[in-house]
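Notes to accompany the following structure.
The values are calculated or read from the model by the stated rules, or taken from the named source; none is laboratory data. Everything quoted here is computed from the prediction, not taken from an experiment. FYI the Cβ positions are ideal-geometry reconstructions off the backbone, even for glycines, and counts take in every protein chain you see. When the accessible area is computed, the model is the full protein with side chains, heavy atoms only, and any ligands, DNA or RNA have been set aside. Shrake-Rupley method; radii C 1.70, N 1.55, O 1.52, S 1.80 Å.
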Amino acid sequence: MRRTTKHGFFIIVALVMFLAVSCATGVTINYTQPAEINMGSYRNIAVASTVPYKGLANPPFFVRAIDADAFWDSYVTSSYDSSITTKVASYATQKFVSTLERSGFFSVTGPEKTDAMLQAGTFGYNSSEVLRKNNIDAVIIPKITNLNINEFIQSKKVQEKDYDHKDKNGNPTVVTKTRYYLYQNVSIDFSYTIIDARTSQVVAVKNFSASDSDYWEVDRYGFLTPDVYNMIKGMIDGFQGYITKQLVPTNARKNVSLMANKPKIDSLKVAYDAAKEGYTSRAAELFLREYSSSGHLPSGYNGALLTAAAGDLEGAITLLQEMSLRYSSSDVEKLLSNLITIKSRNDEAMKQLSGEVTANLSDTTMDIYQVVMGN
């Protein structure tokens, strides 16, 4: 008699569970996720140049060593100079503007014109008035609020086999060597401020932080230090997806599996096949017909799910509300709750896209440039 081990038993159970999940037909509900910040009233935006960080000390010519061996034996030049703050700010501006333009949600006035409009305050004009005359709804000013770059060299004693020299037994001798390692630790804080062009009131301020580090083994002399600027650019790139979700309604989806055909009704095979093949409306019609005829719970559930997937969230919610009064089903309650949430989010996103939501505006004599820059 062949004995099944515990490991074999668990593998079989896991395989059965996997096949059961794999056989379940998934239905995708597409909807629009609203932006975190309601920009419906601010479709014409002006983006200023990123304010560079002003607190970074000039780097030493040589990367500092943190132990005696590294101090005396290694000379590696710094990977950056005082221009790094300007380069980082310029790149942040480029990526920010590109992110907003690619969204298709905004009409974007770039830094060249925006900076000139904001500087109008220094010539006796009111920046808010200048922005409004140019049909700007809001101005966005990005800033690098912190930039920290820490480069150093550290030595490490390692033991290695020297195959060119053998001991009396013919084995390679063991020698102690000094290795040198360059460490680069970088952190950056980035923020952007949105200001209403009419009221000069702050609509929102968002902050981002990121850090990264790397290290290399280096030669004692002549090592070309990797540029930390590339590391910083990668962190700025990583902010862009979050910025999009904060400012722009985005496409979203939720996948839900059809309820199994239990108790089984053989005639529903064609409905399940239609759903599996992507004929959403046809499958919904077949399931709803069966539910109307027999009150079959899975048919009602699947009909509601497919109705939502076909774009009729209101109809799906109405059916599930009726079902929740008729049946005690956690699956029905869960789907109902999910669809109510999805509909609420989708409705809010539609308002943002249409610009239906308007801000409570009032005139002011405050100058936007002074408010944001603080000087």
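Please work out which residue is nearest to S211 (Cα to Cα), limiting yourself to the range 135-151 and to residues that are in contact (Cβ under 8 Å) with a residue 40 or more places away in the chain and open to solvent by 30 Å² or more (accessible area, probe 1.4 Å).
Going residue by residue through the range 135-151, those that are in contact (Cβ under 8 Å) with a residue 40 or more places away in the chain are 135-149, 151.
Pick out the ones that are also open to solvent by 30 Å² or more (accessible area, probe 1.4 Å) and you get 135, 137, 143, 145-146, 148.
On the way: N135: 38, D137: 34, K143: 17, T145: 14, N146: 11, N148: 9 Å.
Selected residue: N148.
Only residues that are of a type in the set (V, I, T) and open to solvent by less than 20 Å² (accessible area, probe 1.4 Å): list them for the range 308-339, please. Walk me through how you get there before you give the answer.
Applying the first criterion (of a type in the set (V, I, T)) to the range 308-339 yields 317-318, 332.
Selection gives I317, V332.
What is the number of the single condition among (1) under 25 Å from S213 (Cβ atoms); (2) surrounded by 14 or more Cβ atoms within 10 Å (Cβ to Cβ) that V130 does not meet?
Unmet for V130, out of (1) under 25 Å from S213 (Cβ atoms); (2) surrounded by 14 or more Cβ atoms within 10 Å (Cβ to Cβ): (1).
Which count do you get for residues in the range 56-70 that are open to solvent by 50 Å² or more (accessible area, probe 1.4 Å) and assigned to a loop (DSSP other than H, G, I, E, B)? Show your work before the answer.
In the first step, residues of the range 56-70 are kept if they are open to solvent by 50 Å² or more (accessible area, probe 1.4 Å); the result is 57-58, 60-62, 64, 66, 68-69.
Subsequent filtering for residues that are assigned to a loop (DSSP other than H, G, I, E, B) retains 57-58, 60-61, 66.
Residues in the range 56-70 being open to solvent by 50 Å² or more (accessible area, probe 1.4 Å) and assigned to a loop (DSSP other than H, G, I, E, B): 5 in total.
Taking the stated definitions as given, is S293 at pLDDT 95 or above, more than 29 Å from E348 (Cα to Cα) and surrounded by fewer than 16 Cβ atoms within 10 Å (Cβ to Cβ)? Explain how you work it out, then say what you get.
Numbers: at pLDDT 95 or above: yes; more than 29 Å from E348 (Cα to Cα): yes; surrounded by fewer than 16 Cβ atoms within 10 Å (Cβ to Cβ): yes.
Here the answer is yes, as S293 does meet what is asked.
Search the range 71-99 for residues being over 34 Å from the mean Cα position of the chain (by Cα) and without any contact (Cβ under 8 Å) to a residue 12 or more places away in the chain, and hand back the single one that is most open to solvent (accessible area, probe 1.4 Å).
Of the range 71-99, the ones over 34 Å from the mean Cα position of the chain (by Cα) are 71-77.
Imposing the further condition that a residue be without any contact (Cβ under 8 Å) to a residue 12 or more places away in the chain reduces the set to 71-72.
Numbers: F71: 118, W72: 169 Å².
Taking the candidates together, the pick is W72.
Counting only residues that are acidic (D, E) and without any contact (Cβ under 8 Å) to a residue 24 or more places away in the chain, which one in the range 158-189 is farthest from T50 (Cα to Cα)? Break it down into steps so the answer makes sense when it comes.
Of the range 158-189, the ones acidic (D, E) are 160, 162, 164, 167, 189.
Still in the running and without any contact (Cβ under 8 Å) to a residue 24 or more places away in the chain: 160, 162, 164, 167.
Values: E160: 51, D162: 55, D164: 58, D167: 64 Å.
Taking the candidates together, the pick is D167.
Answer yes if at least one residue in the range 170-181 is hydrophobic (A, V, I, L, M, F, W, C), open to solvent by 60 Å² or more (accessible area, probe 1.4 Å) and assigned to a loop (DSSP other than H, G, I, E, B), and no otherwise. Spell out the reasoning first.
Initial filter on the range 170-181 (hydrophobic (A, V, I, L, M, F, W, C)): 174-175.
This time we only want the ones that are open to solvent by 60 Å² or more (accessible area, probe 1.4 Å), so: 174.
Adding the requirement that they be assigned to a loop (DSSP other than H, G, I, E, B) leaves none.
Scanning the range 170-181, I find no residue that is hydrophobic (A, V, I, L, M, F, W, C), open to solvent by 60 Å² or more (accessible area, probe 1.4 Å) and assigned to a loop (DSSP other than H, G, I, E, B), so the answer is no.
Only residues that are open to solvent by 40 Å² or more (accessible area, probe 1.4 Å) and of a type outside the set (K, R): list them for the range 212-228, please. Lay out the reasoning, then the answer.
As a first pass, look at the range 212-228 and keep what is open to solvent by 40 Å² or more (accessible area, probe 1.4 Å): 212-217, 219-224, 227.
Answer for the range 212-228, where residues must be open to solvent by 40 Å² or more (accessible area, probe 1.4 Å) and of a type outside the set (K, R): D212, S213, D214, Y215, W216, E217, D219, Y221, G222, F223, L224, D227.
Just to be sure I understand, how many residues within the range 155-175 are under 28 Å from S213 (Cα atoms) and either of a type outside the set (D, E) or under 31 Å from the mean Cα position of the chain (by Cα) (or both)? Full working, then the answer.
Keep residues of the range 155-175 that are under 28 Å from S213 (Cα atoms), which gives 155-160.
With either of a type outside the set (D, E) or under 31 Å from the mean Cα position of the chain (by Cα) (or both) added as a condition, the list becomes 155-159.
The total comes to 5.
Please state which one of K143, K168 is of a type outside the set (V, I, T) and in contact with a strand residue (DSSP E or B) (Cβ under 6 Å, 6 or more places away or on another chain). Write out each step before concluding.
Values: K168 fails: in contact with a strand residue (DSSP E or B) (Cβ under 6 Å, 6 or more places away or on another chain).
From the options K143, K168, the qualifying one is K143.
Could you go through the range 39-51 and let me know if any residue there is of a type in the set (F, W, Y), over 28 Å from T341 (Cβ atoms), modelled with pLDDT of 85 or more and surrounded by 17 or more Cβ atoms within 10 Å (Cβ to Cβ). Walk me through it before giving the result.
Kept after step one, since they are of a type in the set (F, W, Y), are these residues of the range 39-51: 42.
Going one step further and asking which of them are over 28 Å from T341 (Cβ atoms), we end up with none.
No, the range 39-51 contains no residue that is of a type in the set (F, W, Y), over 28 Å from T341 (Cβ atoms), modelled with pLDDT of 85 or more and surrounded by 17 or more Cβ atoms within 10 Å (Cβ to Cβ).
S155 passes all but one of (1) part of a strand (DSSP E or B); (2) free of Cβ contacts under 8 Å to residues at least 40 places away in the same chain; (3) in contact with a helix residue (DSSP H, G or I) (Cβ under 7 Å, 6 or more places away or on another chain); which number fails?
(2) is the only condition that S155 fails.
Criterion first (of a type in the set (S, T, Y), at pLDDT below 85, touching a strand residue (DSSP E or B) at 6+ places or on another chain (Cβ under 9 Å) and farther than 30 Å from L306 by Cα) does S127 satisfy it? Spell out the reasoning first.
Values: of a type in the set (S, T, Y): yes; at pLDDT below 85: yes; touching a strand residue (DSSP E or B) at 6+ places or on another chain (Cβ under 9 Å): yes; farther than 30 Å from L306 by Cα: yes.
In short, yes.
Each row is one residue, and each column tells you yes or no for (1) acidic (D, E); (2) crowded, with 18+ Cβ neighbours inside 10 Å; (3) at pLDDT 95 or above; (4) not in a loop (DSSP other than H, G, I, E, B).
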| position | (1), (2), (3), (4) |
| --- | --- |
| D189 | yes, no, yes, yes |
| N207 | no, no, yes, yes |
| A210 | no, no, yes, yes |
| I232 | no, yes, yes, yes |
| Q246 | no, no, yes, yes |
| A252 | no, no, yes, yes |
| M259 | no, yes, yes, no |
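Residue check: is E277 open to solvent by 30 Å² or more (accessible area, probe 1.4 Å), out of contact with any Leu (no Cβ under 8 Å at 6 or more places or on another chain) and within 25 Å of D347 (Cα to Cα)?
Details: open to solvent by 30 Å² or more (accessible area, probe 1.4 Å): yes; out of contact with any Leu (no Cβ under 8 Å at 6 or more places or on another chain): yes; within 25 Å of D347 (Cα to Cα): no.
Answer is no for this residue.
Anything in the range 261-284 that is part of a helix (DSSP H, G or I) and touching a residue at least 12 places away in the same chain (Cβ under 8 Å)? List them, or say none.
S267, L268, V270, A271, Y272, A274, A275, K276, T280, S281, A283, A284, listed by residue number.
Could we say that L118 is in a helix (DSSP H, G or I) and surrounded by 20 or more Cβ atoms within 10 Å (Cβ to Cβ) here?
Details: in a helix (DSSP H, G or I): yes; surrounded by 20 or more Cβ atoms within 10 Å (Cβ to Cβ): yes.
Yes, satisfied.
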